[in-house]
Structures are given as structure tokens and as C-alpha cells.
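Q: So that we are looking at the same thing, I have put the structure below in C-alpha cells.
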Amino acid sequence: MALTGYAGEEGRLQARVDVNGTGRATVETGIPVLDHLLMLLAEYASFDIALEVAPEEPDAEVAAAGRALGQALSGALQAEGARGHGSAVVPADEALAHVALEASGRPLLVSNVDLSDMGVGGLATDLVARFLTQLAEGAGLTLHVRLIEGRDTQHVLEAIFKGLGVALAQSCRPRRRKESDGG
């Protein structure tokens, strides 16, 4: 099974993922709230993630960072023996999000979360939707994000990224063998 992935262009952005990590993250997007969300993703997935975006234009690089992170994940998600799918319902204070994904090779983001007119900590939340779309594209994921409950934008985003971490961790676990397969 592929355990480590890397994607990026020197000097512009770099992404590295180790799916057998411990949840450590080194994230520098130039947007502290996004850094925090990606650190939550790493923690809840128990992946080690390194992501660096050129500081000159962090907003312009958010989508590219999502794609690079997705490309770094793609090998592990589609590895022979990996489960390839995962699902999690995760809270963050009053927010509750359901994230389900499959490494289908048919990239798609389906979400009921309207992030178009929100903002938190200097992050225009429509960038989060672009990040998730590009993550799905880069990793070949069918990604479903449902907000079950939530009023506070920060908590909504935290629930989504925690859920994404748990679902990604599940997708990289080995499949159980059926008894007829000898396992």
C-alpha cells in the first residue's frame, strides 16, 4: 500500500502526506484559520501532513493547495488492499457534520453547506469549497459533506475538517478479507 505521497512545484507549493503518521502537521498557507483546519484534518486522520503555499498570494493558492494535497493522498487512497471509502459524523460544539467519501476515481464534491457568504478569521469561506473541490479532484474522491446542525462558521468548518480526517483514515485502512478468502 502506498504510504507517502508528494505533490507540488518547488517554490510555489508543496504537499506531503504520510498516512501511517501520528497526526502531526506542518501547514503554512498564509491563512491561519485554514492552517488550523488542516491541522485538525491531520490530527483526526492520524496522518502526517506537510503543506506549504507561497506566501505572496495565499488566497490564489488555496485551490491549488487542495489539489496538491489530494494528489499526495491519491496513491494511498487507491492502493491495493485499501478500503477506499470512509464515513464520519463529527461534532464541533453546536455544529455536526457528516462526511462520506470513496476513492472512486470519479471526483465530485456534493455538499449542502453554503459557504458563499461566510467568513471567519480572514478566510473567505468560499475558498474552503474550492479547496474541497480540488482535494476531491486531486485524490479522485467522490466526497459528500452534509451539515446536520451548526450556526457558528468556525465550528461548522471544524466539524467538516474533523469528519474529513476520520473518513480519510477509514478509507486507507486495509479491507477485511471475507471468510471464503481464508481471512
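Q: For the structure I just gave you, tell me whether A129 is touching a Leu at 6+ places or on another chain (Cβ under 7 Å), at pLDDT below 95 and surrounded by 23 or more Cβ atoms within 10 Å (Cβ to Cβ).
A: no
Q: Now, a different point. Give the number of residues within region 65-100 that are over 13 Å from the mean Cα position of the chain (by Cα) and within 25 Å of G30 (Cα to Cα).
A: 1
Q: Could you please find all residues in region 13-39 being in contact (Cβ under 8 Å) with a residue 60 or more places away in the chain and not in a helix (DSSP H, G or I)?
A: V19, I31
Q: Further question: Is one or more of the residues making up region 106-117 free of Cβ contacts under 8 Å to residues at least 12 places away in the same chain and of a type in the set (D, E, K, R)?
A: The answer is yes, given that some residue of region 106-117 is free of Cβ contacts under 8 Å to residues at least 12 places away in the same chain and of a type in the set (D, E, K, R).
Q: Only residues that are acidic (D, E) and outside any strand (DSSP E or B): list them for region 108-158, please.
A: Matches in region 108-158: D114, D117, D126, E137, D152, E158.
Q: To continue, here is another question. Cβ-Cβ under 7 Å, sequence separation 6+ or interchain: first residue in region 78-100 and farther than 20 Å from A136 by Cα, partner at pLDDT 95 or above and surrounded by fewer than 17 Cβ atoms within 10 Å (Cβ to Cβ). Which pairs?
A: E94/E149; A95/E149; L96/V89; L96/I148; L96/E149
Q: On to the next question. Residues that are part of a helix (DSSP H, G or I) and at pLDDT below 90: does region 79-100 have at least one?
A: No; the residues of region 79-100 include none that is part of a helix (DSSP H, G or I) and at pLDDT below 90.
Q: Considering only residues that are surrounded by fewer than 19 Cβ atoms within 10 Å (Cβ to Cβ) and among the hydrophobic types (A, V, I, L, M, F, W, C), look in region 136-165 and name the one that is farthest from G122 (Cα to Cα).
A: Residue satisfying both the conditions and the ranking: I148.
The values are calculated or read from the model by the stated rules, or taken from the named source; none is laboratory data. Treat the numbers as computed from the prediction; the structure is a model and nothing was measured. Positions of Cβ are backbone-derived with ideal geometry, glycine not excepted, and every protein chain shown enters the neighbour counts.
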